[in-house]
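**Q** This structure is in structure tokens; I'll ask about it shortly.
None of the figures in this text is laboratory data; all of them are computed from the coordinates on show. As the structure is a computational prediction, the values presented were derived from the model and not from experiment. All Cβ positions, even for glycine, are placed from backbone atoms using ideal geometry, and neighbour counts span all protein chains on display.
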Amino acid sequence: MPTYRPGPVSLLLAVLVALFLLMPLLAVIPVSLTPSRMLTMPTGELSLRHYRSLIEDPRWLDSILLSLRIGIVSSILSTVLALTFSLGVWMFQPRFTAALVGFVLLPMVVPPVVSAVTLYFLLTSVSGVTSFFGYDTWLGVAMAHSVMTVPFATVLILVSLSQLDRRIDLAARGLGASVWERATRVIMPNIKFGIVTAALLSFVLSWEEIGVTLFITSVNAITLPRLMWMGLRDNIDPAIAALSVILIIITVLVLAVRSVITRQRGAR
Amino acid sequence: MRGPLSDRMGAALLMAPLLLFLILAYAWPFLGVVKWSFTLPTPGLGQYHALLTDDLVQSVFIRTLRIAAIVTVVSVTAAYAITVVWVRGSPVQRVLAEFCILVPFWISVLTRAFGWVALLSNRGLINTWLQSVGFISEPLTLVRNEFGVIVGMSHFLIPFAVFPLASAMRSLDERVLLAARGLGSSRMRTFWTVFVPMTRSGIIGSALITFVFSLGFFVTPAILGGGRSVMIAELIYLRIFQSPDWGLGAAISVVLVVFVGALMALLFRYVKPKQLV
């Protein structure tokens with residue numbers, strides 16, 4: 001059977017776009033190996049000093065640990081909230097479902113800077129009441145990240161629920177299972193993959209969140225992206241290049257593993 | 001207890017936590033921001049009046065619309081070129097195209113903006129190379145201006161522009177293209193008179209998504225613009241943290257939301273949500 005394939009002109013243009021997409025990611029590699037303290041291209045000798053400073057400078061390590069903690073807490077919070085909500089939507093199909101889901105998706109649709117101002121308002125108002133939770137605290141940041149990631153988690157879980165056969169739930173119900181049993185023993189085991197994906201995506205989004213974090217932190221809750229931002233704005237620190245190279249390598253590895261897994265699932 | 005009443009209670013119990021969370025942590029503070037826009041520094045419509053008369057605010061709005069329009073054209077065109085190969089290429093070409101789309105998509109906006117700084121700055125890769133070859137004697141100013149902002153934003157938005165285009169191209173019936181070719185139409189002519197018109201909904205969706213995203217963009221313009229090419233989002237940040245003028249920052253936010261809401265309404269009149277993913 002003949003197929004319609006792109007011609008040479010299409011291929012050439014696509015290659016140019018591909019180069020444009022990969023260029024800035026490749027450019028950070030030589031910069032990360034410069035022996036200089038400034039952001040320059042290495043001329044001659046190479047050095048790993050900027051990689052070493054990531055481990056030795058406590059600022060980098062502290063912010064990595066803080067970002068991990070915030071990512072884990074906010075990912076758990078948004079996955080649990082998204083899961084209960086989605087179960088409610090799927091099991092009971094209440095009236096106004098479309099409007100309620102639309103409301104939940106708002107933080108994903110509203111321009112991030114407006115969400116940032118909104119969360120800034122929230123956390124500065126709360127700060128007056130307690131110093132434990134509010135502006136520039138790690139719990140405040142974790143909660144704000146949950147607001148931003150919960151729509152994505154909800155979409156993923158709703159999508160995997162929509163692929164589930166309703167009859168297994170009807171059978172469980174007919175056999176007398178309670179709502180709790182249906183949710184935990186029938187539905188959730190069948191959407192495991194979706195729940196795990198939702199938790200991972202929430203974590204990744206929190207881990208790299210910067211737009212909102214900039215508005216709600218100042219000196220105490222310095223997450224990794226916040227520290228990178230400070231290094232980028234003032235004097236550009238080549239340690240950022242070293243960090244970027246590591247993050248890019250992790251991303252490529254994760255994507256490679258994922259594509260192998262999906263291919264195996266498809267092959268079966 | 002069975003029947004409709006317990007059903008309604010079950011649904012309410014399961015849905016309540018998230019709805020309450022978002023009402024308290026999102027809807028209520030948003031109303032607070034709206035209140036700021038009407039009450040700070042003095043009650044009334046003063047902030048909205050300032051929006052319409054302040055020269056600085058006006059020039060930032062116009063610059064944002066201009067940059068967003070250019071970025072939309074660049075991103076959709078570039079995305080179209082790579083999507084054609086991702087959807088219609090040979091198996092190997094598809095894998096390669098997917099790699100080039102997904103790797104940047106998953107890498108953080110900061111790393112990507114930093115990559116452009118490393119390429120475009122005065123002592124970056126491009127200037128170093130051009131000087132060593134002897135093309136130029138003084139470094140070109142490629143960053144900390146509008147050019148750098150447009151390059152960085154287009155780079156960020158191309159993967160987002162790809163998805164609606166890909167979905168439109170996948171739903172296109174291949175037999176129509178083969179029929180056009182079989183009837184003697186050239187590659188170019190088939191592309192422009194059959195392929196492109198049939199992916200129109202994808203192009204509209206992709207353009208609106210890119211445009212809407214560009215309007216509220218903060219990180220990339222702030223880094224690659226170097227304070228010289230301020231867009232709306234950065235202006236909001238500056239109003240709230242540097243000048244402290246919370247009222248004006250809030251008013252700009254409200255206007256931005258209304259504008260984006262209107263664009264989204266337009267989007268959904270032309271494209272079904274399903275066609276966007």
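**Q** Taking loop as defined by DSSP and a crowding limit of 10 other beta carbons within 10 Å, which chymotrypsin sites (Phe, Trp or Tyr not before Pro) in segment B:68-147 fit?
**A** B:F135
**Q** Here is a follow-up. Ignore the peptide's own chain and count Cβ atoms of other chains within 10 Å of each Cβ in A:89-96; give me the average, rounded.
**A** 4
**Q** Still on this structure, I have one more. Which Cα, out of B:P91, B:S214, B:V255, lies furthest along the positive dipole direction of chain B (beta carbon charges, K/R +1, D/E -1)?
**A** The residue sitting most towards the positive pole is B:P91.
**Q** Would you please state the base-10 log of I(q)/I(0) at q = 0.10, 0.15, 0.17 1/Å for segment B:1-102, with intensities from the Debye formula using one equal scatterer on every alpha carbon?
**A** -0.76, -0.85, -0.87
**Q** Looking at segment B:207-277 from every direction and averaging, what is the projected area of its Cα convex hull in nm²?
**A** 5.5 nm²
**Q** Given R₀ = 30 Å, FRET efficiency for A:T262-A:I168 by Cβ-Cβ distance, to 0.05?
**A** Between A:T262 and A:I168 the formula returns 0.80.
**Q** While we're looking at this one, here's another question. Report the rotationally averaged projected area of chain B based on its alpha-carbon convex hull, in square nanometres.
**A** 23.1 nm²
**Q** Count neighbours as other Cβ atoms within 10 Å of each site's Cβ, and list the trypsin sites (Lys or Arg not before Pro) in segment A:1-90 that are DSSP loop with at most 15 such neighbours.
**A** Counting only loop positions with at most 15 other Cβ atoms within 10 Å, the trypsin sites (Lys or Arg not before Pro) in segment A:1-90 are A:R37.
**Q** Hey, got a sec? Which chymotrypsin sites (Phe, Trp or Tyr not before Pro) in segment A:60-142 land in a DSSP loop and have at most 12 other Cβ atoms within 10 Å?
**A** Here the sparse-neighbourhood loop sites are A:F96, A:F132.
**Q** State, as an integer percentage, the relative contact order of segment A:154-212 based on alpha-carbon contacts under 8 Å between residues 6 or more apart.
**A** Dividing the mean separation by the residue count of segment A:154-212 yields 49 percent.
**Q** Please state the equivalent ellipsoid semi-axes for segment B:112-175: what are the square roots of 5 times the Cα gyration tensor eigenvalues, largest first, in whole Å?
**A** Square roots of five times the eigenvalues give 36, 14, 9 Å.
**Q** In Å³ and rounded to a whole number, note down the convex hull volume per residue for the Cα atoms of segment B:68-149.
**A** Per-residue hull volume (Cα only) is 130 Å³.
**Q** Another question, then. Please work out, to two decimal places, the log10 of the ratio I(q)/I(0) at q = 0.08, 0.14 Å⁻¹ from a Debye calculation in which every Cα of chain A carries one identical scatterer.
**A** For the requested q values the scattering log ratios are -0.48, -1.13.
**Q** If packing is taken as the average number of other Cβ atoms within 10 Å across a peptide's residues, how do B:211-222, A:200-211 rank, most packed first?
**A** Ranked by mean Cβ neighbours within 10 Å, highest first: B:211-222, A:200-211.
**Q** Helix-derived [θ] at 222 nm for the protein assembly as shown: sum -39500 (n - 2.57) over DSSP H runs of at least 4, divide by residue count, nearest 500?
**A** One gets -24000 deg cm²/dmol as the mean residue ellipticity at 222 nm.
**Q** Full extension from A:I76 to A:R52: what is 0.36 nm times the residue separation minus their Cα-Cα distance, to one decimal in nm?
**A** Extending this stretch completely gives an extra 5.4 nm.
**Q** OK, next. Taking every pair of alpha-carbon atoms in segment A:140-251, give the share separated by more than 21 Å as a whole percent.
**A** When all Cα pairs of segment A:140-251 are counted, 56 percent exceed 21 Å.
**Q** Further question: Of all the C-alpha pairs in segment A:65-153, what % are more than 18 Å from each other?
**A** Tail of the P(r) past 18 Å holds 52 percent of the pairs.
**Q** In Å, what Rg and Dmax follow from the Cα atoms of segment A:68-215?
**A** 17.1, 53
**Q** Just from the alpha-carbon atoms, what are the Rg and Dmax of the protein assembly as shown in angstroms?
**A** Both quantities, over Cα of the protein assembly as shown: 24.8, 85 Å.
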